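Just passing along the structure, written as structure tokens.
The numbers here are math on the coordinates, done by the rules we state, and not lab data. Since this is a predicted model, take the numbers as computed values, not measurements. No Cβ is skipped: glycine too gets one built from the backbone with ideal geometry, and neighbour counts run over all protein chains shown.
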Amino acid sequence: MSLLSLDNSRKTMDLVQKIYERQMEEDPRLNQDLDDRRKRLMIKDIHYNFDNLIAAATHQSSNILIGHVRWLIGLLAYRMDDFSLERIKGFMKVHYRIMINAVKESEPSFESVLAPFEHEVEKCIETFELTSFSYLDGIRLENYSRKYLEALLNRDRKKAWQWVKGALDAGVTLEGIYLELFSPVMHEIGRLWHQNQIGIDKEHYATAVTQGVMSQLYSKIFATQKTGKTMVGMSVGNELHEMGIRMLCDLFEINGWDTIYLGAAVPQESLINSLEEYKPDLIALSVTMPNHLNECKATIQAIKTDERFQHVKIAVGGTAVEMDKTLREKWQVDVMANTFEELKKWWLDNE
């Protein structure tokens with residue numbers, strides 16, 4: 001039986017409700033500790049956690065599950081500051097035990113796949129510790145990056161552009177702007193959101209402004225001497241996290257490639273048509289959320305089994321695949337790379 005048999009909205013919602021009710025029964029204090037808003041958010045989170053569990057089981061990867069568990073505990077620790085970390089850990093142990101058992105009860109054939117996950121999740125939760133760091137500490141453009149970040153958080157797009165222009169005037173290359181300013185600052189924005197220091201509105205604003213600043217650099221980017229190589233880049237599925245793949249395309253453009261950035265939510269048929277039209281040397285697929293891994297795998301298979309694209313190299317990156325690097329061998333892709341530097345080095349080594 002396929003794990004995808006649970007990919008049914010009614011069946012999933014019934015399981016989510018069962019998991020919620022069981023957790024409330026096993027931990028009666030939650031009824032007092034959680035207000036109505038938090039209870040609604042809890043049901044929403046259970047659905048998301050369930051999707052992650054199914055993705056991890058489908059690809060037989062406990063690393064995908066563990067990566068999400070670590071992220072989730074940190075998120076809850078910063079947002080539920082009236083709960084101690086130990087209380088959250090206890091809450092999470094019960095949650096995952098109930099969820100895994102509920103799935104096994106619903107689909108007994110999942111027993112062998114899910115059984116190894118239980119111990120690993122419990123160990124992950126027990127050993128979790130909060131850490132404090134900044135993506136901007138010690139980087140080469142730390143001063144410019146901190147000023148750029150300050151401008152974003154103050155919603156001052158004019159000042160943000162001035163700091164980027166100032167770095168360029170000081171001799172920083174376009175590649176340096178992307179790798180040593182945009183990338184660390186956007187990672188820092190994500191960290192600040194995760195640790196509940198900024199709201200989602202500021203995260204979205206920072207992304208929009210940075211995309212606008214990137215657009216202002218296009219006259220310089222597209223003026224670079226071309227090598228004759230072409231890359232198509234896209235986010236798989238209905239990903240909202242497409243900043244990374246867009247930056248990757250720009251960086252390859254800076255290095256002389258012609259790049260076609262397709263964005264997200266591209267139907268497989270449209271992607272195949274694009275490959276036929278542009279005849280790229282490389283296609284880069286980005287997948288951030290584990291629930292898009294199945295679609296990523298299907299996209300890869302569609303490309304690999306089409307005789308017209310046997311020459312096309314396939315690169316995959318993003319948080320979801322970074323959690324489990326064994327997916328490269330399972331999917332038989334040419335390279336899994338999570339940074340521009342990794343992918344550029346691989347291309348030069350294998351050209």
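Pairs of Cα atoms under 8 Å, at least six residues apart: use those to get the relative contact order of the stretch 142-219, whole percent.
Once divided by the residue count of the stretch 142-219, the mean separation gives 34 percent.
Additional query: Summarise the long-distance tail of P(r) for the stretch 119-231 by giving the % of C-alpha pairs beyond 18 Å.
56
Related question: Using a Förster distance of 22 Å, how high is the FRET efficiency between Ser109 and Thr12, based on the Cβ-Cβ distance and rounded to 0.05?
Approximately 0.80, to the nearest 0.05.
Now for a different question. Can you bin every Cα-Cα distance in the stretch 36-137 into 5 Å intervals starting at zero and give me the percent of pairs per bin, rounded to whole numbers?
Pairs per bin, as whole percents: 2, 11, 22, 24, 18, 12, 7, 2, 1, 0.
Turning to a different aspect of this structure: Can you give the translational diffusion coefficient of the stretch 145-193 in µm²/s, computed by Stokes-Einstein from the Kirkwood radius over Cα pairs at 25 °C and 0.890 mPa s?
Here the translational diffusion coefficient equals 227 µm²/s.
Also, I was wondering about something else. Cut-off under 21 Å on the C-alpha distance; same-chain residues fewer than 8 positions from Lys159 excluded. Which lysines are left, in chain and number order?
Lys147, Lys202, Lys220
A further question on this structure: R0 = 41 Å: FRET efficiency of Val94 with Ala265, Cβ-based, nearest 0.05?
Once rounded, the FRET efficiency stands at 0.65.
Now for a separate question. Any idea what the dipole of the chain comes to, in debye rounded to 20, about its Cα centre with Lys/Arg Cβ at +1 and Asp/Glu Cβ at -1?
Dipole about the Cα centre, nearest 20: 660 debye.
With springs only between Cα atoms under 10 Å apart, run a GNM on the chain and tell me which of Lys229, Lys325, Lys158 wobbles the most.
In the Gaussian network model the winner is Lys158.
Can you sort His119, His59 from fewest to most other Cβ atoms within 10 Å of each residue's own Cβ?
Going from sparsest to densest Cβ surroundings: His119, His59.
Given Cα pairs under 8 Å that are at least 6 residues apart, what percent is the relative contact order of the stretch 1-139?
Computed over the stretch 1-139, the figure is 28 percent.
Sticking with this structure for a sec: Please report the antiparallel percentage of DSSP beta bridges with both residues in the chain, rounded to the nearest 5.
Expressed as a percentage, antiparallel bridges in the chain total about 0.
For the chain, which longest stretch is free of loop sites, where a loop site is one of the chymotrypsin sites (Phe, Trp or Tyr not before Pro) that DSSP puts outside H, G, I, E and B and that has at most 15 other Cβ atoms within 10 Å?
1-132
Turning to a different aspect of this structure: How high is the relative contact order of the chain, in percent, with contacts defined as C-alpha pairs under 8 Å that are six or more residues apart?
Worked out over the chain, it gives 12 percent.
On to the next question. Checking understanding here: applying a Kyte-Doolittle mean of at least -0.5 and a length along the axis of at least 30 Å (C-alpha), which whole DSSP H helices in the chain pass?
85-106
Looking at this model, which pairs from Lys93/Lys297; Lys39/Lys104; Lys226/Lys313; Lys229/Lys313; Lys158/Lys226 are more than 22 angstrom apart at the alpha-carbon?
In this structure, Lys93/Lys297; Lys39/Lys104; Lys158/Lys226 lie more than 22 Å apart at Cα.
Round to a whole angstrom and tell me the spacing of the C-alpha centers of the stretch 290-347 and the stretch 18-54.
35
Which percent of Cα pairs goes in each bin when the distances of the stretch 166-252 are cut into 5 angstrom slices starting at zero?
P(r) for the stretch 166-252, in whole percents per bin: 3, 11, 21, 23, 20, 13, 6, 3, 1, 0.
Additional query: Summing -39500 (n - 2.57) over the DSSP H runs of n ≥ 4 in the chain and dividing by its residue number, what mean residue ellipticity at 222 nm do you reach, to the nearest 500 deg cm²/dmol?
Per the formula, -19500 deg cm²/dmol.
Tell me which label goes with the value of Cα extents along the principal axes in Å computed from the coordinates here: (1) 59, 45, 40; (2) 120, 47, 33; (3) 65, 51, 31.
From the options (1) 59, 45, 40; (2) 120, 47, 33; (3) 65, 51, 31, the structure gives (3).
Any idea how far apart Gln197 and Thr224 come out in nm if each label point goes 7 Å out from Cα toward Cβ?
Spacing of the two 7 Å Cα→Cβ label points: 3.1 nm.
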